[in-house]
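Novice: One structure, pasted below without further comment.
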Amino acid sequence: MKIKVIVPATTANLGPGFNVFGAALSLYNEFEVEYVPDVKKTHFTLNGFGKKSLPKGDKNLFWQSMQKIFKVLGEDKYNLKNLNIIINAGIPLSGGLGSSASAIVGGIFLANALCGNKLNKTQVVDLAVKIEGHPDNVIPAIYGGICIYSKDGNSGTVVQLPVPKLKIVLCVPAFELRTKQSRRILPKCVDFQNLIFNMSRVAFLTASFCCSDFSLLKMGTQDKVHQPYRCKMIPAMDEVLEAALYAGAYGACLSGSGPTLAAFCNAKDAVNVQKSMIKRWKKDNIYADAYVLNFDAKGTVII
């Protein structure tokens, strides 16, 4: 039995929607598992991002997620001695593009498939949120498109917004910023006026996608809850975002916890936005890669 799962990259928050908004992107990690009980040796293969740095075996996040599902389902049949595992990683690590979320989602989907798909989608979502600790990457990774998530007790509600015909420029600097480190810098309390500011910006963000009025994204991607604090850990962040807007982007924001920056634009301005963001970071001697992507509408796919 051989099963493959394709999981998209994600960008979380979209500016003011902290821990609530997320979007799936046309950049992917592929996970493949083959059950081979009669061979003497199996393999755990890593390709792409993390080929040299990510652990194989018990300490790998993808495998750890699979194990948790096997435990939930009471399945002890599968282990590293009877599974061939191949990970082809197309999502950069620790860049705010949901690489860890993709590993978690991929592990859950594959373990569930091996066990006969005993978990329904709601159960998969709840487990993914529990393992990741926050919903804004795993939800769009599962559903695709632009998602809003609200937790209510032990479960939650997912709302999918219309998928816009926009390009997303992701500018990824050549340094890592761990999510735990980026979350640690955030304040425990939020100023009341900053809360009001973000509520208005979330309204503009939602309206921009629901009404296809992308001129609202300039205000809709503004934030005063998390970006001002994370900005201190990302050199020239505000300047790069301004460069994207000046080059024609409708809106620009931090991608997840960073350090990747995201800009939303139409197809004809995408390359100019991409070049402008790279150029501005280069001015501070920071090398960056940049991707021009579409929104992924399918989410996780099992082959």
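Novice: Out of (1) within 30 Å of ALA174 (Cα to Cα); (2) over 13 Å from the mean Cα position of the chain (by Cα), what's the single condition that is false for GLY98?
Specialist: So GLY98 meets the others, but not (2).
Novice: Look at LYS68 and say whether it is loosely packed, with under 15 Cβ neighbours inside 10 Å and either touching a helix residue (DSSP H, G or I) at 6+ places or on another chain (Cβ under 7 Å) or over 15 Å from LYS4 (Cβ atoms) (or both). Give the steps one after another, and end with the answer.
Specialist: On the way: loosely packed, with under 15 Cβ neighbours inside 10 Å: no; either touching a helix residue (DSSP H, G or I) at 6+ places or on another chain (Cβ under 7 Å) or over 15 Å from LYS4 (Cβ atoms) (or both): yes.
For LYS68, the condition - loosely packed, with under 15 Cβ neighbours inside 10 Å and either touching a helix residue (DSSP H, G or I) at 6+ places or on another chain (Cβ under 7 Å) or over 15 Å from LYS4 (Cβ atoms) (or both) - is not met.
Novice: Output the residues belonging to region 229-287 that are surrounded by 15 or more Cβ atoms within 10 Å (Cβ to Cβ), farther than 30 Å from GLY133 by Cβ and in contact with a helix residue (DSSP H, G or I) (Cβ under 7 Å, 6 or more places away or on another chain).
Specialist: Within region 229-287, ALA243, LEU245, ALA247, GLY248, ALA249, TYR250, CYS265, VAL273, SER276, ARG280 meet the criteria.
Novice: If a residue has to be modelled with pLDDT under 95 and touching an Asp or Glu at 6+ places or on another chain (Cβ under 8 Å) to count, how many in region 54-82 make the cut?
Specialist: Summing the residues that are modelled with pLDDT under 95 and touching an Asp or Glu at 6+ places or on another chain (Cβ under 8 Å) in region 54-82 gives 1.
Novice: Take the conditions surrounded by 14 or more Cβ atoms within 10 Å (Cβ to Cβ), out of contact with any strand residue (DSSP E or B) (no Cβ under 6 Å at 6 or more places or on another chain) and touching a residue at least 40 places away in the same chain (Cβ under 8 Å) and apply them to VAL202. Does it pass? Explain how you work it out, then say what you get.
Specialist: Numbers: surrounded by 14 or more Cβ atoms within 10 Å (Cβ to Cβ): yes; out of contact with any strand residue (DSSP E or B) (no Cβ under 6 Å at 6 or more places or on another chain): yes; touching a residue at least 40 places away in the same chain (Cβ under 8 Å): yes.
Criteria met by VAL202.
Novice: Would you tally the residues in region 139-177 being closer than 12 Å to ALA101 by Cβ and free of Cβ contacts under 8 Å to residues at least 60 places away in the same chain?
Specialist: Qualifying residue count, region 139-177: 0.
Novice: May I ask you to list pairs of residues, at least six apart or on different chains, whose Cβ atoms are under 6 Å apart, with the first in region 288-303 being under 13 Å from THR10 (Cβ atoms) and the second being hydroxyl-bearing (Ser, Thr, Tyr) and crowded, with 16+ Cβ neighbours inside 10 Å?
Specialist: LEU293/SER26; ASP296/SER26; GLY299/TYR143
The values are calculated or read from the model by the stated rules, or taken from the named source; none is laboratory data. Computed from a predicted model, the values in this text were never measured in an experiment. Heads up, the Cβs are rebuilt from the backbone with ideal geometry, glycines too, and the neighbour counts pull from every protein chain shown.
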